[in-house]
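Structure first, commentary second.
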Amino acid sequence: MVRDKCRHLWNKTNLRDGFIVTENCYHCNKTRVYFSYEDAPPKDEYKEGEHYFNYAGSAQSMKFDLECEKCKTIVTFEERMGLMQCAGCDESCHLNILSKICEGQNIWVYAALAYKAGEEIDLSVDKLDVLTSHFTSRLRTPGKKILVVPGSLRKSPHTCRGEMLRDVGMLSLTPET
């Protein structure tokens, strides 16, 4: 898909603001995550089959796709909910261990959280590479890099206290006004 002859220069396109919404079933503890494009996150309780879903929280985020300004290839990220930086809450968490190793190498590590039909999935290696390339290309500090990794490296999505990053202006070269 993206490993062709073009030396891609990725730019965000199709920007859509919204919220990552998390709901829990108090009957069986099932967790559901989805993206809402509403102006405020929905907080309705509802029953679906045997499940009783309640609002558990939300985080502001943005959906976007990336387009190469050279060859016009577009990579879609509909399943990506957001990026999370490890908060170091569990010493045995793979994401925490990787983050600590990379910190010494001047690499910031972000986990790409992705969901399909409410269930957590991992982005493909190609999509992780595209995100890594896009965000690293925006850095101007020599030797600094960004690595985007699968969200499944977290020990547990239920206990992780990582910080969700709001993508608007993330790593922007111009200050927000």
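Miscellaneous remarks
- Screening ALA112 on (1) farther than 28 Å from GLY57 by Cβ; (2) modelled with pLDDT of 90 or more shows it passes everything except condition (1).
- Qualifying residue in the range 58-75 (condition: of a type in the set (Asp, Glu), part of a strand (DSSP E or B) and exposed (fewer than 12 other Cβ atoms within 10 Å of the Cβ)): no
- Count of residues meeting criterion [within 21 Å of ALA114 (Cβ to Cβ), at pLDDT 90 or above and not in a strand (DSSP E or B)] in the range 1-40: 3
- Of all residues in the range 118-140, those that are under 20 Å from ILE20 (Cα atoms) have Cβ atoms under 7 Å from Cβ atoms of residues that are of a type in the set (Lys, Arg), 6 or more apart or on another chain, in GLY118/ARG32; LEU123/ARG80.
- In this entry, SER156 passes the filter for residues that are hydroxyl-bearing (Ser, Thr, Tyr), farther than 26 Å from THR13 by Cβ and either touching a Cys at 6+ places or on another chain (Cβ under 7 Å) or in a loop (DSSP other than H, G, I, E, B) (or both).
- Within the range 119-162, considering residues that are basic (Lys, Arg) and under 19 Å from GLU67 (Cα atoms), the one farthest from the chain's Cα centre (by Cα): ARG138
The values are calculated or read from the model by the stated rules, or taken from the named source; none is laboratory data. Model, not experiment: these values are computed from the prediction. For neighbour counting, all protein chains shown are included, and Cβ atoms are generated from backbone atoms with ideal geometry for every residue, glycine included.
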